[in-house]
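**Q** Below: one structure in structure tokens.
The values are calculated or read from the model by the stated rules, or taken from the named source; none is laboratory data. Please read all numbers here as calculations on a predicted model, not as lab measurements. Because the Cβ atoms are built from the backbone with ideal geometry, glycine has one as well, and the counts that use them run over all protein chains shown. Please note that ligands, DNA and RNA were not included when accessible areas were found on the heavy atoms of the full protein model with its side chains. Shrake-Rupley method; radii C 1.70, N 1.55, O 1.52, S 1.80 Å.
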Amino acid sequence: MKATKKPFAYTLATVLLVSGILAGCGDKKENGASSGDSASPSASTTPSASSSPSESESASPSPSASEEPVTVEFWHAYGEGEEKVLLEEVLPKFKEKYPNVTIKATRMPTDNLDNQVLTAAAGGAVPDLMRMDNTWIARMADAGALQPVDDFPGFADIKSSSFEGPMSTNYFDGKYYGIPLDTNTKIAIYNKELLAEAGATEPPKTIDELVALARTLKAKKKFGITIGGPDAWNMPPWFWTLGGTITDPEYKQATGYLNSDASVKALETIVGWNDEGLLAPPILGGQPGTWEGLRGEEGKAKASYMMINEGPWFFGILGDAVKDTMIPAKMPNGPDGKSHSVIGGQDLVFFNGAKHPEAAWAFAQFMLTDEIQTLMAVKTGAIPVTKSAANADALKGVYYLDKYIAEMETAYARTPSAKWNEISDIFGKAFESALRKKAKPKEALDKAAAEIDALLQAKK
């Protein structure tokens, strides 16, 4: 960490202790977890004597340090409703527990935000921490803007208690550059009436069963499968579930993976569905849109799509209006007996040059407590990133959430590369070219794999 004279673990424990932040932690339990949980700063984060410069220095902090308030700069791009929960409920709870730390939360404009952040980092005008789209982590880390967090006190516990998919979005070039804050994935959502019209009483468990239902609906001039587009957000859940891969496990090579026999077969299957007329129009930008086709448009047309693949915001926005008409379900399983959806969401990152990294880390740990994770889930629809919060009693009443949590267990992160934007563009163009018959699936994937290799292997 730049401009830090003492080891992070030592300064964190000292700053929190002398500021009175640890008051009340003790041995009491909160939300079913002991105060020693990694999600809350406590005595368990205090380093051993051997990690401190000296016992006398640790025991004798300067008098002024205990009285000096700390203001942590926090950038985010929460939506209006999410920001309201943050400001009115989350931050007051943090202030009550940590009275000497003030979180200055700034809502950032979303347009071109990633480039704005890189410009700010280059000029040294960065906040202490930021809630950042998880596909930006590698690019920011590669530019030298972020601090690795592997050695932060309590990180190992946070890593082990979090879902693997969201945590993996912070990994780049052998290190972790943040921690997951909120996550999402996509599940299958079925129109109950059209599912019955296709001859089913419950959502299909396998891809083959789904295809059979889609063929039944085709005869009725309706669609059984909806993929929102050929891009690298909408397509991967289908491509991965059918056996496709994008790169090797180390994210260093696409050739032999994106254009493997299994990947080519997966794309050929999707192209075959489209050729057969089983895919709804949105696959190539047609109308009606995914939500309109699933629900129908009042005064215009009845529902014509049996299912879409969508995130929890569908239910968060529409609420009880769809509770009796739509069925949330896991994606149907592919050849390996599993489904593999895509990981979305936001991570918390810490900038090089941050003025108060220790207090920022305390805030980050607070945000991963069961109390705050479940609060945000109930109030905003965000999926918790920790397994304990995801299974909290407080969430049992959210009728659609368990399907998303179950999907998280086998969902994959998008390629963590500083060149993700370019990789995403190449991926989408390859799939679109195959769907539009401009290239055969193998030809399209061979070309895309070679182009992505050049990006993955480019020197910094």
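**Q** How many angstrom lie between the C-alpha centres of segment 164-222 and segment 398-449?
**A** The two parts, judged by their Cα centres, are 14 Å apart.
**Q** Continuing with the same structure: Based on alpha-carbon centroids, what's the gap between segment 122-150 and segment 339-367 in Å, whole number please?
**A** Result: 10 Å between the Cα centres.
**Q** GluC sites (Glu not before Pro) within segment 280-375: which are DSSP loop residues with at most 10 other Cβ atoms inside 10 Å?
**A** Those that pass, being in a loop and sparsely packed, are E298.
**Q** What accessible area, in Å² to the nearest ten, does a 1.4 Å probe give for R414?
**A** My reading of the accessible area for R414 is about 50 Å².
**Q** Please compute the net charge surrounding T410, taking Lys and Arg as +1 and Asp and Glu as -1 over other residues with Cβ under 12 Å from its Cβ.
**A** Local charge sum for T410: -2.
**Q** If you don't mind, there's one more thing I want to ask. Rounded to whole Å and ordered largest first, report the semi-axes of the equivalent ellipsoid of segment 200-281 derived from its Cα gyration tensor (root of 5λ).
**A** Value: 27, 12, 11 Å, ordered largest first.
**Q** On each of the three principal axes of the Cα atoms of segment 256-357, give max minus min coordinate, whole Å, ordered largest first.
**A** 56, 43, 28
**Q** A122 to E88: FRET efficiency via 1/(1 + (r/R0)^6), r the Cβ-Cβ distance, R0 25 Å, to the nearest 0.05?
**A** Here the calculated transfer efficiency is 0.15.
**Q** Then there's this: In whole angstrom, how long is each semi-axis of the equivalent ellipsoid of segment 122-243, when you take the square root of 5 times every eigenvalue of its Cα gyration tensor and sort them from largest down?
**A** Equivalent ellipsoid semi-axes, largest first: 42, 16, 12 Å.
**Q** Give me a comma-separated list of calculated 3J(HN,Hα) values for segment 215-220, in order, Karplus coefficients 6.51, -1.76, 1.60 applied at θ = phi - 60°, integers in Hz, x for any Gly or Pro.
**A** Listing the rounded values in order: 5, 5, 6, 4, 5, 9 Hz.
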